[in-house]
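**Student:** Dropping a structure here in structure tokens format, bear with me for questions.
The values are calculated or read from the model by the stated rules, or taken from the named source; none is laboratory data. What you see is a predicted model, and the numbers here were worked out from it, not measured in a lab. Here the Cβ positions follow ideal geometry from the backbone for every residue, glycine too, while neighbour counts run over all protein chains shown.
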Amino acid sequence: MKSLRKARRLTLQDWAPIFRAVAELAIVRLQLAVHSPRQVLTPEPIRVRRGSPGRPSHRAAQMINRVSWAIGVAACRVPWRSDCLVKARAAQRWLAREGIPTQMFIGVRKDRGAFEAHAWLRHEGKTITGGDFSGYAPLVTPDLHEIGVLDRQPLARTRMLVGGVIVEDHVNDLAIGNVGPRRR
């Protein structure tokens, strides 16, 4: 009942980003079902609008807050699973289309003997999706390519579940596959 009262108080300006968030979440979920996660996790090119050298920081901050809020609200209410990986990728797609660069991280932690994975999205040090990630050690970071880690020999092999997707990391060869029985 409380949710219905809140919904009635929302204006058209509030509903528009929620509908956009539902669309972005659906697109990412569908992409994960149809394409390889490697293809889905490839960042969108940042679109810079003609005649504008970039978004002023206060407008970017407003857009980031709106996207963060709308993705969180919509993800709780859609009929499909929209966990951390889907939310981070949906927000990243949306913000890239607005010309706002982001960084997506995938981290792991060991909790009661089992590996647990989490994905989060950031922009200039501000967390957009993913909440508290302080207990997670980043495994996949945006600067992995820049520091040359991907050119080295495999150092380790890890297998984990991130947002319904099995991620196998060979440090220099990230292979991501859909969840399902695995044969080696």
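**Student:** Take the residues in region 62-85 that are surrounded by 14 or more Cβ atoms within 10 Å (Cβ to Cβ) and of a type in the set (S, T, N, Q), then tell me which one is farthest from Gly130 (Cα to Cα).
**Tutor:** Per the criteria, the residue is Ser82.
**Student:** What are the residues in region 22-46 that are closer than 15 Å to Ser82 by Cβ and basic (Lys, Arg), if any?
**Tutor:** The answer is Arg29, and nothing else.
**Student:** So the check is Cβ under 6 Å with 6+ separation or different chains; which pairs have a first residue in region 19-35 that's farther than 18 Å from Thr129 by Cα and a second one that's assigned to a helix (DSSP H, G or I)?
**Tutor:** These pairs meet every condition: Gln31/Val40; Leu32/Val40.
**Student:** Name, by its number, the condition in (1) modelled with pLDDT of 90 or more; (2) in a strand (DSSP E or B) that does not hold for Arg93.
**Tutor:** With respect to (1) modelled with pLDDT of 90 or more; (2) in a strand (DSSP E or B), Arg93 is out only on (2).
**Student:** Tell me which residues, restricted to region 65-90, are over 17 Å from Thr127 (Cβ atoms) and outside any loop (DSSP other than H, G, I, E, B).
**Tutor:** Answer for region 65-90, where residues must be over 17 Å from Thr127 (Cβ atoms) and outside any loop (DSSP other than H, G, I, E, B): just Ala74.
**Student:** Assuming Arg122 fulfils every condition listed in (1) in contact (Cβ under 8 Å) with a residue 24 or more places away in the chain; (2) surrounded by 14 or more Cβ atoms within 10 Å (Cβ to Cβ) apart from one, which condition is it?
**Tutor:** Result: Arg122 fails condition (1) only.
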